[in-house]
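**Q** The structure is given below, and queries will be raised subsequently.
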Amino acid sequence: MRRKVNPAVERAMSAVRAAMPRAEADPTRPACHFRAPAQWMNDPNGPICHGGYYHMFYQHNPYGESWGPMHWGHARSRDLVRWEHLPVALWPSTELGEEACWSGCATINGEGRPMAFYTSIGRQTDPREHAVQCGALSDDELITWQKHPGNPLLTESLHGGLKVYDWRDPFVFRHDGATYMVLGGNLNRAQGGQGVVNLYRARDAVLTDWEYLGILFRHPSKDVTNIECPNFFRLGDRWVLVVSPHGPVHYFVGKFDTQRFRFEPESRGLIDQTFSFYAANSMADPQGRRLLWGWVKDFTAGKGWNGCLSLPRVLNLSPDGKLAQAPAPELEELRRNHRSEPRPRLSGGSHFVDACSGGTLEAIADVEVGPGSEVRLVLRRAWDDSEVASVRIQEGRAEVAGTSAPLASRSDGTVLCHLFFDRSVLEVYVGDSLCFTRVMEVGALPLKLELFAAARARVHSLDTWELQPIW
């Protein structure tokens with residue numbers, strides 16, 4: 001049966017199609033990361049698994065390669081690796097005064113119907129002062145969406161006399177038979193602002209009637225004046241809160257007091273050590289895993305596209321109660337031309353891996369460093385030997401492309417370093433919990449890797465692969 005085409009969706013898709021040739025001609029465009037067909041994209045929205053597909057929505061300006069009137073782009077995948085682009089899912093209802101569909105989530109309501117929640121921004125209003133939360137409903141395949149007839153579904157009147165500024169980015173979760181939602185924002189704008197996460201509970205199965213339960217969390221740092229894109233979910237026997245505070249993404253691990261509706265953090269850290277990774281969003285998949293993506297930003301403008309998503313990360317809790325992250329194992333399907341060095345021979349302290357074509361590379365090094373020693377992995381351009389980026393591992397510390405962070409070794413003193421480079425995106429996992437993301441626009445050109453070990457450092461193994469494109 002032929003679906004009826006929404007004129008606003010068709011206009012958006014026509015604009016994207018017109019921009020695709022220019023975007024596809026850019027050699028620095030990532031080949032192995034999720035990205036829009038063309039034009040601007042930012043936050044991942046509403047990742048969900050339904051009907052045998054992983055679905056990813058994202059903030060998208062189909063009319064330009066810079067931030068603009070936000071739509072929801074859409075794609076789906078059978079395997080988390082290769083994606084199929086689908087029509088724009090949400091669009092601004094300009095006839096109703098809506099100017100943008102900002103970030104949110106997707107879920108299945110009590111009637112078994114797919115439902116999206118998003119922050120609606122109206123024309124001629126200040127989104128810092130005024131916003132509403134709206135819904136949309138889909139057919140079973142999540143392809144065709146309709147705005148909910150009861151919109152807006154949540155308004156500021158829920159807060160009574162409390163004023164929440166920058167109120168946005170709904171995220172739905174379930175616990176003990178109830179459906180909850182968290183939203184970001186801040187209080188006390190006149191005093192500079194205090195970042196908070198607000199908690200709501202649905203009164204009905206169709207998720208149209210909500211009550212305000214209060215402030216779930218107040219950020220303990222005085223310099224965090226606002227919170228965006230909160231995610232709140234259970235992981236093992238603890239709860240995890242992920243927030244984006246206009247800087248590196250923070251996480252907190254702790255307990256959820258369901259009597260007082262408060263989150264009690266016990267430990268904290270950074271999802272990623274850099275601000276090139278932002279607006280993280282997550283989902284639980286059918287395997288029971290918690291998967292997370294972030295928006296990779298800081299690309300050069302003027303190429304017909306801008307922005308991509310990080311590789312999917314699997315989250316777990318480490319024995320010390322911190323958040324552990326690892327690349328999704330499905331990404332191994334992209335590997336080709338494996339080079340294995342069980343104990344690489346270091347001549348003058350260095351070992352070189354021959355050039356990898358296409359500007360893509362994955363490398364895993366198992367190293368051991370002690371006092372006064374270090375290991376470096378240096379990514380170089382093959383044609384002139386110039387450095388693209390360097391990963392430096394010392395006892396108790398890791399540094400990637402100039403950003404450093406404290407590092408914990410395994411109980412046997414070894415550290416695993418896992419590196420991905422994709423034409424312009426560098427992602428590095430060091431140990432169980434440190435992740436670094438950087439944008440370095442090299443292009444689809446040959447690369448080589450230098451492994452250097454100083455003093456008493458040891459390299460137990462080195463494995464490298466080229467990566468196949470996913471598009």
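The values are calculated or read from the model by the stated rules, or taken from the named source; none is laboratory data. On a predicted model such as this, the values are computed, not experimentally measured, just so you know. Cβ sites come from the backbone with ideal geometry, for glycine too, and all protein chains shown count toward neighbours. Only protein heavy atoms, including side chains, enter the accessible area calculation; ligands, DNA and RNA are left aside. Shrake-Rupley method; radii C 1.70, N 1.55, O 1.52, S 1.80 Å.
Conditions tested, residue by residue: (1) at pLDDT 85 or above; (2) surrounded by fewer than 20 Cβ atoms within 10 Å (Cβ to Cβ); (3) on the phi > 0 side of the Ramachandran plot.
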position: 330; (1), (2), (3): yes, yes, no
position: 354; (1), (2), (3): no, yes, no
position: 361; (1), (2), (3): yes, no, no
position: 367; (1), (2), (3): yes, no, no
position: 381; (1), (2), (3): yes, yes, no
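**Q** Considering each residue of the stretch 173-201, count those that are within 17 Å of residue 160 (Cα to Cα) and over 24 Å from the mean Cα position of the chain (by Cα), and give that number.
**A** 3
**Q** Checking residue 85 against (1) part of a strand (DSSP E or B); (2) surrounded by fewer than 18 Cβ atoms within 10 Å (Cβ to Cβ); (3) in contact with a Gly (Cβ under 6 Å, 6 or more places away or on another chain), which test does it fail?
**A** Among (1) part of a strand (DSSP E or B); (2) surrounded by fewer than 18 Cβ atoms within 10 Å (Cβ to Cβ); (3) in contact with a Gly (Cβ under 6 Å, 6 or more places away or on another chain), residue 85 violates only (3).
**Q** Restricting attention to the stretch 447-471, and to residues there that are among the hydrophobic types (A, V, I, L, M, F, W, C), within 21 Å of residue 382 (Cβ to Cβ) and open to solvent by less than 20 Å² (accessible area, probe 1.4 Å), which single residue is modelled with the highest pLDDT?
**A** 467
**Q** To continue, here is another question. What do you reckon, is residue 81 of a type in the set (Val, Ile, Thr), closer than 28 Å to residue 167 by Cα and at pLDDT 95 or above?
**A** no
**Q** Now for a separate question. Is at least one residue of the stretch 304-311 touching a helix residue (DSSP H, G or I) at 6+ places or on another chain (Cβ under 6 Å), surrounded by 15 or more Cβ atoms within 10 Å (Cβ to Cβ) and part of a strand (DSSP E or B)?
**A** yes
**Q** Kindly check whether there is at least one residue in the stretch 458-466 that is farther than 13 Å from residue 361 by Cα, assigned to a strand (DSSP E or B) and either in contact with a Lys or Arg (Cβ under 6 Å, 6 or more places away or on another chain) or among the polar types (S, T, N, Q) (or both).
**A** There is at least one residue in the stretch 458-466 that is farther than 13 Å from residue 361 by Cα, assigned to a strand (DSSP E or B) and either in contact with a Lys or Arg (Cβ under 6 Å, 6 or more places away or on another chain) or among the polar types (S, T, N, Q) (or both).
**Q** Additional query: Restricting attention to strands (runs of 3 or more DSSP E) lying wholly within the stretch 223-275, give those where 3 or more residues are β-branched (Val, Ile, Thr).
**A** Qualifying strands (runs of 3 or more DSSP E): 238-244.
**Q** Working carefully through the options 127, 92, find the one that is crowded, with 20+ Cβ neighbours inside 10 Å and in a loop (DSSP other than H, G, I, E, B).
**A** Only one candidate passes the filter, namely 92.
**Q** Here are 66, 14: which of them is open to solvent by 20 Å² or more (accessible area, probe 1.4 Å), in contact (Cβ under 8 Å) with a residue 60 or more places away in the chain and over 18 Å from the mean Cα position of the chain (by Cα)?
**A** Working: 14 fails: in contact (Cβ under 8 Å) with a residue 60 or more places away in the chain.
Criteria check complete, one pass: 66.
**Q** Identify, please: which residue in the stretch 410-437 is surrounded by fewer than 23 Cβ atoms within 10 Å (Cβ to Cβ) and among the charged types (D, E, K, R) and is, among those, nearest to residue 363 (Cα to Cα)?
**A** Per the stated criteria, the residue is 432.
**Q** From the list 128, 174, pick out the single residue that is over 19 Å from residue 72 (Cα atoms), in contact with a strand residue (DSSP E or B) (Cβ under 8 Å, 6 or more places away or on another chain) and without any contact (Cβ under 8 Å) to a residue 12 or more places away in the chain.
**A** Working: 128 fails: without any contact (Cβ under 8 Å) to a residue 12 or more places away in the chain.
Going through 128, 174 in turn, just one is over 19 Å from residue 72 (Cα atoms), in contact with a strand residue (DSSP E or B) (Cβ under 8 Å, 6 or more places away or on another chain) and without any contact (Cβ under 8 Å) to a residue 12 or more places away in the chain: 174.
**Q** I'd like the full set of residues that are open to solvent by 20 Å² or more (accessible area, probe 1.4 Å), touching a residue at least 24 places away in the same chain (Cβ under 8 Å) and over 28 Å from residue 27 (Cβ atoms), limited to the stretch 270-303.
**A** Within the stretch 270-303, 270, 284, 286, 289, 290 qualify.
**Q** Further, regarding this structure: Across the stretch 154-176, what is the number of residues that are in a loop (DSSP other than H, G, I, E, B) and open to solvent by 50 Å² or more (accessible area, probe 1.4 Å)?
**A** 5
**Q** Can you name the residue in the stretch 95-124 that is in a strand (DSSP E or B) and small (Gly, Ala, Ser) and, of all such residues, is modelled with the lowest pLDDT? Before you say what the answer is, go through the steps one by one.
**A** Of the stretch 95-124, the ones in a strand (DSSP E or B) are 98-108, 114-122.
This time we only want the ones that are small (Gly, Ala, Ser), so: 100, 103-104, 106, 116, 120, 122.
On the way: 100: 96, 103: 98, 104: 98, 106: 98, 116: 98, 120: 97, 122: 92.
Residue satisfying both the conditions and the ranking: 122.
**Q** Given (1) open to solvent by 10 Å² or more (accessible area, probe 1.4 Å); (2) more than 22 Å from residue 256 (Cα to Cα); (3) not basic (Lys, Arg), where does residue 179 come up short, assuming only one miss?
**A** (2)
**Q** Would you check if residue 112 is surrounded by fewer than 18 Cβ atoms within 10 Å (Cβ to Cβ), over 20 Å from the mean Cα position of the chain (by Cα) and in contact (Cβ under 8 Å) with a residue 60 or more places away in the chain?
**A** Details: surrounded by fewer than 18 Cβ atoms within 10 Å (Cβ to Cβ): yes; over 20 Å from the mean Cα position of the chain (by Cα): yes; in contact (Cβ under 8 Å) with a residue 60 or more places away in the chain: no.
Spelling it out, it is not the case that residue 112 is surrounded by fewer than 18 Cβ atoms within 10 Å (Cβ to Cβ), over 20 Å from the mean Cα position of the chain (by Cα) and in contact (Cβ under 8 Å) with a residue 60 or more places away in the chain.
**Q** Consider residue 223 carefully, then state whether it is surrounded by fewer than 20 Cβ atoms within 10 Å (Cβ to Cβ), among the acidic types (Asp, Glu) and without any contact (Cβ under 8 Å) to a residue 12 or more places away in the chain.
**A** yes
**Q** Any idea which of (1) touching a Lys or Arg at 6+ places or on another chain (Cβ under 6 Å); (2) open to solvent by less than 40 Å² (accessible area, probe 1.4 Å); (3) on the phi < 0 side of the Ramachandran plot is the one residue 135 doesn't satisfy?
**A** The one condition residue 135 does not meet is (1).
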